[in-house]
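A.B. asks: Structure incoming, see below.
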Amino acid sequence: MERVNIRVSEAEGVVGSDVPLLIIGDAARGPTVSVMAGVHGAEYVAMRALQQFLDQVDESRLQGCLRVVPIANLASFHARSAFVTPHDGKNLNRCFPGDPRGSFSDRLAAALFENVIQPSAFHVDMHSGDLVEDLVPFALYDESPVSEKAREMAHAYGLDYVIRVERSESPIAGTSSAAAAQVGVPAITAEVGGRGLVDRESVQRHLTGLRRVLAHLGVLAAEPSSATPSKEVGQWSWLRSPVAGWWECDVRVGEEVAAGSRLGTVRPLGGGDYVDITAPTRGTPLFVTTSPAVTDDGLLLGFGVL
Ligand SMILES: [Zn+2]
């Protein structure tokens, strides 16, 4: 195992930083796979699962090479910062492939992209719900010329849902998996756990998923147990609050609901009527903001169309 530090360059008004990268195995024996956690610094289940994987991995048996970043955004981790990097208020997972001349998050994204993702044949980005986010386990992949391989990886992870993100309708841009796909690296974003918790069951689910996808890619020996097939979500929409106020969600993540049914309400803080948030179609909430505090146009939930 080789340990190197990726340097995030310093510039006027922009701090520098080192990100530990572990290089494990031998690229002559099989594919190179990049595996990251901690792009969001308070998504602990993903980080814990990846650390557990590193504690257990037998390097001599790897049929390939892993480029592993256990915690990609250390600044957010130390600050316990949800969603954004404290230095510049940007969401790192909207900054890929990055910009070496931009602000801290842009530089960090560029350094990760250049040193971890681009030299790899496949990319796995491990996430969880953030501090105020609950979710049903899912894996997503992006529409691209390599999307069939990415789709297979998403299914191999064995989570409840698999989402295909079409480029034209994506509510988000600049994710590590989308940027990887654009340079021909099949990639997935896998999400398990959330709300700042480190529960054992979710850690195990993430760890098993990672092992399964590495087995699917031929880097690890095949996993003995097979996963329950994931349900496919053809489209997802992100529902936002029409007003600032107090958000209360009436449904659980993964609960299937009919079109038009009430998902929750937002109450304006200064008084006034509740605003009902309703399901745009038949589907299920894949992630939900658990904090009652929402801003005008604040994100409430991600709704998967079934
Ligand atoms: Zn995340």
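A.B. asks: How are the C-alpha pair distances of the range 253-306 spread across 5 Å bins, as whole percents from the shortest bin up?
C.D. replies: Final binned percentages: 5, 19, 29, 23, 16, 7, 2, 0.
A.B. asks: Of all accessible surface on the range 5-64 at a 1.4 Å probe, what whole percent is carbon and sulfur?
C.D. replies: Looking at the range 5-64 in its full context, I get 42 percent from C and S.
A.B. asks: Roughly how far apart, in whole Å, are the Cα centres of the range 91-109 and the range 1-33?
C.D. replies: 15
A.B. asks: Right, here's the next one. Just read off the accessible area of Ile23 with the full protein assembly in place, 1.4 Å probe, to the nearest 10 Å².
C.D. replies: Accessible surface of Ile23 is approximately 30 Å².
A.B. asks: Hey, another quick one. Just want to confirm a number: the relative contact order over the range 174-306, from Cα pairs under 8 angstrom separated by 6+ residues, in percent.
C.D. replies: 23
A.B. asks: Something else about it: Give me the number: length gained by fully extending Glu201 to Glu59, i.e. 0.36 nm times residue separation minus the C-alpha to C-alpha distance, one decimal in nm.
C.D. replies: 48.6 nm
A.B. asks: What would the Debye formula give as log10 I(q)/I(0) at q = 0.08, 0.13 Å⁻¹ for the alpha-carbon point model of the range 78-227, no solvent?
C.D. replies: Scattering profile of the range 78-227, log10 relative to I(0): -0.22, -0.60.
A.B. asks: Something else about it: Please list the radius of gyration and Dmax for the range 1-122, considering alpha-carbon atoms only, with Å as the unit.
C.D. replies: 14.5, 46
A.B. asks: OK, next. Quick one: if you stick a label point 7 Å off each Cα along the C-beta vector at Arg167 and Ala227, how many nm between them?
C.D. replies: Spacing of the two 7 Å Cα→Cβ label points: 2.6 nm.
A.B. asks: Next question, about the same structure. Rounded to whole Å and ordered largest first, report the semi-axes of the equivalent ellipsoid of the chain derived from its Cα gyration tensor (root of 5λ).
C.D. replies: 32, 23, 17
A.B. asks: Which residue, Phe77, Val116, Val233, has the largest displacement toward the positive end of the dipole of the chain when charges sit on each Cβ (Lys, Arg +1; Asp, Glu -1)?
C.D. replies: Val116
A.B. asks: Which trypsin sites (Lys or Arg not before Pro) in the range 226-306 sit in a loop by DSSP (not H, G, I, E or B) and have at most 15 other Cβ atoms within 10 Å of their own Cβ?
C.D. replies: Here the sparse-neighbourhood loop sites are Arg252, Arg282.
A.B. asks: For the range 235-297, what does the relative contact order come out to in percent, with C-alpha contacts under 8 Å and a separation of six or more?
C.D. replies: 44
A.B. asks: Modelling each spin label as a point 7 Å along the Cα-to-Cβ direction, I'd like the Ala11/Ser237 distance in nm, to one decimal.
C.D. replies: Modelled inter-label distance: 3.9 nm.
A.B. asks: Report, by chain and number, residues whose modeled amide H sits under 5 Å from the one on Val233, excluding near sequence neighbours (fewer than 5 apart, same chain).
C.D. replies: Amide H to amide H, under 5 Å and 5 or more residues apart or across chains, Val233 pairs with Val162, Ile163, Arg164.
A.B. asks: In deg cm²/dmol and to the nearest 500, what is the mean residue ellipticity at 222 nm of the chain if only DSSP H runs of at least 4 residues count, each as -39500 (n - 2.57), divided by the residue total?
C.D. replies: Helices in the chain give a 222 nm mean residue ellipticity of -6000 deg cm²/dmol.
A.B. asks: Hey, another quick one. Taking the Cα centroid of the range 38-52 and of the range 174-235, what is the distance between the two, rounded to the nearest whole Å?
C.D. replies: Taking the Cα centre of each part, the range 38-52 and the range 174-235 sit 13 Å apart.
A.B. asks: With an 8 Å cut-off on Cα pairs and a minimum separation of 6 or more residues, tell me the relative contact order of the range 1-118 in percent.
C.D. replies: Relative contact order of the range 1-118: 26 percent.
A.B. asks: Provide the per residue accessible area, probe 1.4 Å, for the chain, rounded to a whole number of square angstrom.
C.D. replies: 43
A.B. asks: Give me the dipole magnitude in Debye, nearest 20, for the range 75-135 about the Cα centre, with unit charges on the beta carbon: positive for Lys and Arg, negative for Asp and Glu.
C.D. replies: Value, rounded to 20: 200 debye.
A.B. asks: About the Cα centre of the chain, how large is the charge dipole given +1 on each Lys and Arg Cβ and -1 on each Asp and Glu Cβ? Please answer in debye to the nearest 20.
C.D. replies: Using Cβ point charges on Lys, Arg, Asp and Glu, the chain gives about 400 debye.
A.B. asks: State the three equivalent ellipsoid semi-axes of the range 3-58, derived from the C-alpha gyration tensor as the square roots of 5 times its eigenvalues, in descending order and whole Å.
C.D. replies: So the three semi-axes of the range 3-58 are 25, 17, 9 Å.
A.B. asks: Do any GluC sites (Glu not before Pro) in the range 125-174 lie in a DSSP loop with no more than 14 other beta carbon atoms within 10 Å, and if so, which?
C.D. replies: Filter output for the range 125-174: Glu166, Glu169.
A.B. asks: Based on the alpha-carbon gyration tensor of the range 169-306, what equivalent-ellipsoid semi-axes (square roots of 5 times the eigenvalues) come out, in whole Å, largest first?
C.D. replies: 33, 17, 15
The values are calculated or read from the model by the stated rules, or taken from the named source; none is laboratory data. Note that this is a predicted model, so its numbers are computed, not measured. Quick reminder, even Gly has a Cβ in these numbers, built from the backbone with ideal geometry, and neighbours come from all protein chains shown. These area figures cover heavy atoms from the full protein model, side chains too; ligands, DNA and RNA do not enter into them. Shrake-Rupley method; radii C 1.70, N 1.55, O 1.52, S 1.80 Å.
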